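Engineer: What follows is a single structure, and I will ask about it in a moment.
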Amino acid sequence: MNPFSIINPSTDEKICQVEEGTKSDPDKAIETAEKGFQYDSPWRKSDPAAHAQLICKLADLRLHVVGYLA
């Protein structure tokens, strides 16, 4: 893997360090998403209210980092 820093261009502040993706990463992401839709997956078996709670948490996290990305 090849790590690199994400820099805020307006302040030159380092936001975080991430690993460079590989050619197989998109395939892994698609496989994982497909598993979530399988009949016996934990996601399909879980309560829709739990889904909503997780999605709201993701939205909150996105709002938390949007200042770094703006």
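The values are calculated or read from the model by the stated rules, or taken from the named source; none is laboratory data. Every value quoted in this text rests on a predicted model; they were computed, and no experiment measured them. Cβ: placed from backbone, ideal geometry, glycine included. Neighbour counts: every protein chain shown.
Engineer: Mind telling me which of the residues Ala33, Ala29, Ala49 ends up being exposed (fewer than 10 other Cβ atoms within 10 Å of the Cβ) and either touching a residue at least 24 places away in the same chain (Cβ under 8 Å) or of a type in the set (A, V, I, L, M, F, W, C) (or both)? Steps first, answer last, please.
Structural biologist: Working: Ala33 fails: exposed (fewer than 10 other Cβ atoms within 10 Å of the Cβ); Ala29 fails: exposed (fewer than 10 other Cβ atoms within 10 Å of the Cβ).
The match here is Ala49.
Engineer: So which of Ser5, Ser24, Ser10 ends up being in contact with a Cys (Cβ under 9 Å, 6 or more places away or on another chain) and free of Cβ contacts under 8 Å to residues at least 24 places away in the same chain? Explain how you work it out, then say what you get.
Structural biologist: Working: Ser24 fails: in contact with a Cys (Cβ under 9 Å, 6 or more places away or on another chain); Ser10 fails: in contact with a Cys (Cβ under 9 Å, 6 or more places away or on another chain).
The unique qualifying residue is Ser5.
Engineer: In addition: For Gln17, all conditions in the list (1) surrounded by 10 or more Cβ atoms within 10 Å (Cβ to Cβ); (2) assigned to a strand (DSSP E or B); (3) free of Cβ contacts under 8 Å to residues at least 40 places away in the same chain hold save one; what is the number of the exception?
Structural biologist: (1) is the only condition that Gln17 fails.
Engineer: Let me ask something else. If we scan region 36-44, do we find a residue that is modelled with pLDDT of 90 or more and either closer than 20 Å to Val66 by Cα or surrounded by 10 or more Cβ atoms within 10 Å (Cβ to Cβ) (or both)?
Structural biologist: Step one: of region 36-44, the residues modelled with pLDDT of 90 or more are none.
There is no residue in region 36-44 that is modelled with pLDDT of 90 or more and either closer than 20 Å to Val66 by Cα or surrounded by 10 or more Cβ atoms within 10 Å (Cβ to Cβ) (or both).
Engineer: Would you say Ser24 is among the hydroxyl-bearing types (Ser, Thr, Tyr), surrounded by 10 or more Cβ atoms within 10 Å (Cβ to Cβ) and out of contact with any Gly (no Cβ under 9 Å at 6 or more places or on another chain)? Before the answer, list the steps.
Structural biologist: Values: among the hydroxyl-bearing types (Ser, Thr, Tyr): yes; surrounded by 10 or more Cβ atoms within 10 Å (Cβ to Cβ): no; out of contact with any Gly (no Cβ under 9 Å at 6 or more places or on another chain): yes.
Considered against the rule, which asks whether it is among the hydroxyl-bearing types (Ser, Thr, Tyr), surrounded by 10 or more Cβ atoms within 10 Å (Cβ to Cβ) and out of contact with any Gly (no Cβ under 9 Å at 6 or more places or on another chain), Ser24 comes out as no.
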